[in-house]
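Before any comments, here is the structure.
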Amino acid sequence: MLLLTFQNAFLDLITTPPGSMIFVILLALTTALISAALTRLLVDTDAINRKQKQIKGHEEEKEKIVALAEVDTERYIKARKRWERKDSMFKQTKQRMGLQRMKPTCITFLPMIIIFGIVNTMFAGRPVAMSPMNANDVPLIGGFIAAGNIFINFTAWYFLCSLGFNTLVQRILKLQSQASGGMGGMFAGQKAKALEFPEV
């Protein structure tokens, strides 16, 4: 009887704010740490980071070659052919890197789906965390649940926490290089890919 009372009290604590919010934060952090540990164990992250830097350098080189087209046509043609040969090699490297990165996911996918399904039914559409989108209605401590406040469900809150913790843990454990992460690097890579070699 005492055990059942304790179990019910614990479930009430973790399924209603602010307990639910903290519980999901801890769940997302635990998942990120397990994923990082498996990545460290199964993936040669140093080799992947080195290759990522090489790919980034290769993509940046495209801009310099495109600029050559108007200055020196002969050098441009030679540099373009050399870049295109390297590009086909780097495409294969990217595929191998993708398969390497998939290893931890292959192991954790099924257990995570089961755990996620159980936890999701436990919350059963209940509000989990208050949305920061209505800052004017943020209550003081003790008034977390109040009329007019907007709450988000388990899936949305877990996604936000997971996104933040995965990036943070990977950076701290050096599983993600500067070349592979960051908005600046992403936009630079997209810009290089969008460039087309001019015909001469």
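The values are calculated or read from the model by the stated rules, or taken from the named source; none is laboratory data. This structure is a prediction, so every number in the text was calculated from the model and none was measured. Neighbour counts are summed over all protein chains in view; Cβ atoms, including those assigned to glycine, are modelled from backbone coordinates with ideal geometry.
General remarks:
- Taken together, Thr16, Thr45, Thr39, Thr30 contain a single residue that is among the hydroxyl-bearing types (Ser, Thr, Tyr) and either without any contact (Cβ under 8 Å) to a residue 24 or more places away in the chain or more than 25 Å from Ser162 (Cα to Cα) (or both), which is Thr30.
- Looking only at the stretch 116-132, and only at residues there that are among the aliphatic types (A, V, I, L, M) and loosely packed, with under 14 Cβ neighbours inside 10 Å, the one that is modelled with the lowest pLDDT: Ala124
- Test: Thr108 is at pLDDT 70 or above, closer than 30 Å to His58 by Cβ and either loosely packed, with under 10 Cβ neighbours inside 10 Å or touching a helix residue (DSSP H, G or I) at 6+ places or on another chain (Cβ under 9 Å) (or both): no
- Given (1) more than 26 Å from Leu29 (Cβ to Cβ); (2) exposed (fewer than 10 other Cβ atoms within 10 Å of the Cβ); (3) modelled with pLDDT under 85, number of the condition Ala135 does not satisfy: (1)
- One residue from Ile77, Ile25, Ile34 being surrounded by 12 or more Cβ atoms within 10 Å (Cβ to Cβ), aliphatic (A, V, I, L, M) and in contact with a helix residue (DSSP H, G or I) (Cβ under 6 Å, 6 or more places away or on another chain): Ile25
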